[in-house]
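Below is one structure, written out as structure tokens, with a few remarks after it.
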Amino acid sequence: MLIVGTTASRRYRTAIMGLGVAIPEKVVTNHDLARMVDTSHEWIVTRTGIVERRLAADAEAASDYAVVAARRALEKAGVEARELDLIIVATVTPDMPFPSTACLVQHALGAVGAAAFDLQAGCTGFLYALAVADQFIAGGRYSRVLVIGVELLSRITDWTDRNTCVLFGDAAGAAVVGPAEEGIMAVHLGADGSGSHLLYQPAGGSRLPASHRTVERRQHYIHMNGNEVFKFAVKVMTQASLAVIRKAGLSRQDVDLLIPHQANKRIIDASAKRLGLREDQVYVNIDRYGNTSSASVPVALYEAVEGGMVREGDIVLLVAFGAGLTWGSCVLRWGVQ
Ligand code: UT7
């Protein structure tokens, strides 16, 4: 049951009231990529689990996808855009450096009563944004928050670099959250900036403003040390999961379903194994979308819910890692709103 309006003496949990996604139409297969760079379908599948990814059309931008995902989430939640108190957009590929993509989304939705801002935590962005929303809801400040993870990584992918171009895709996922009896039980966030050089876009900011030189040096693209990120990911996905399970007062055996960031099937498998979870307790869609950064967790959660994998009362664990380096996890009890 949804509790509308909080009292000073009682605190509620933050529940996901509705989810929505927006996925590009254009499919790019591993075979397509093998015609562009020195790679093969076999290498990509074996090393990453990716079979295909979706890429946005040239004229589209992040806010276009964010708005579509948001409208669907609002509809599922039965919430009008004008009821929203806050919009948080997690992205590393905003429409432009400023204003925020959240403000563009606010205008497009007609969410005239909502504050709006972007948040950036690499692929952990959605979980950081959900944690911020949780604070506003649990504190009683707001009752309707729209949280969006959107990425058009195709815009910052070097399509001549086989080390990175096979990994990424475009998508958006959105969640409308509000106060309820059941919902988020615990969140856990972390960061280690000493690893900032392992995954980054060197140019386009105040250190290396855009110039002919930065373009010639291909510094506006994703640069990544894949091996180091891989090692970090396996370690931190497990640690962040165990930390949030502990915070929620639960044990590993209580988790019904894991929704992990979809960066590499081998990272997901290793994390699930360390957590003692069976294959059917882990949602995987990396084969169809690749790594969509901050969109990956909400898109996977949406598909798991729509596919009937999440039942009322289930304990769902969300976990992600990303550029920063950052990590985040969330345990929630799924309830009927
Ligand atoms: O959301 C966070 C974003 N990032 C990640 O999650 C990335 C985490 N890292 C990974 O997923 C993996 O490290 C990769 C998939 C990026 C790479 O897999 P790997 O098993 O760590 O391969 P590797 O980097 O050790 O490279 C092995 C070989 C190299 O050749 P040599 O030096 O052994 O001759 C690479 O040049 O594979 C080569 N290689 C490729 N070959 C065919 C690298 N990319 C490709 C490719 N096709 N696309």
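The values are calculated or read from the model by the stated rules, or taken from the named source; none is laboratory data. In this text the structure is predicted, and so the values were computed from the model without any measurement. Backbone-built Cβ (ideal geometry, glycine too); neighbour counts: all protein chains shown. To get the accessible areas, we keep the full protein, side chains included, count just its heavy atoms, and leave off ligands, DNA and RNA. Shrake-Rupley method; radii C 1.70, N 1.55, O 1.52, S 1.80 Å.
Normalising by the residue count of the chain, find the relative contact order in percent from Cα pairs under 8 Å and 6+ residues apart. Walk me through the numbers before you get to the answer.
On the way: 834 pairs, mean separation 84.8, N = 337.
Here the relative contact order equals 25 percent.
Only helices enter the 222 nm calculation for the chain: every DSSP H run of n ≥ 4 contributes -39,500 (n - 2.57), and dividing by all residues gives -9500 deg cm²/dmol, rounded to 500.
May I ask for the angle, rounded to the nearest 10°, between helix 62-77 and the longest principal axis of the chain, with both axes built from Cα atoms and the value confined to 0 to 90°? Around 30 degrees separate the two axes. In summary, the lysines within cross-link reach of K231, defined as a Cα separation below 28 angstrom excluding same-chain residues under 8 places away, comprise K247, K265, K273. The heavy atoms of D32 offer some 50 square angstrom of accessible surface to a 1.4 angstrom probe.
To test your reading of the geometry: what angle, between 0 and 90 degrees and rounded to tens, separates the Cα axis of helix 265-275 from the longest principal axis of the chain? Between helix and principal axis, roughly 40 degrees. For the chain, the equivalent ellipsoid built from the Cα gyration tensor has semi-axes of 30, 24, 18 Å, listed from largest to smallest.
Just so you know, the averaged projected area of the alpha carbon convex hull for region 71-170 sits at 6.9 nm².
When peptides 318-327, 21-30, 122-131, 239-248 are ranked by their average number of other Cβ atoms within 10 Å per residue, the highest-first order is 122-131, 318-327, 239-248, 21-30. Between A210 and K247, full extension at 0.36 nm per residue minus the direct alpha carbon distance yields a gain of 9.0 nm. For the chain, the longest principal axis of the Cα atoms and the long axis of helix 226-247 meet at an angle of about 10 degrees.
Using a cutoff of 8 angstrom between alpha carbon atoms and counting only pairs six or more residues apart, the relative contact order for region 186-333 works out to 35 percent. Evaluating kT/(6 pi eta Rh) at 37 °C and 0.692 mPa s, with the Kirkwood radius of region 186-333 over Cα pairs in the Stokes-Einstein relation, gives 201 µm² s⁻¹. The trypsin sites (Lys or Arg not before Pro) of region 271-314 meeting both criteria, a DSSP state outside H, G, I, E and B (loop) and at most 13 other C-beta atoms within 10 angstrom of the site's C-beta, are R278, R311. When peptides 212-218, 223-229 are sorted by average Cβ neighbour count within 10 Å, with the highest value leading, the order is 223-229, 212-218.
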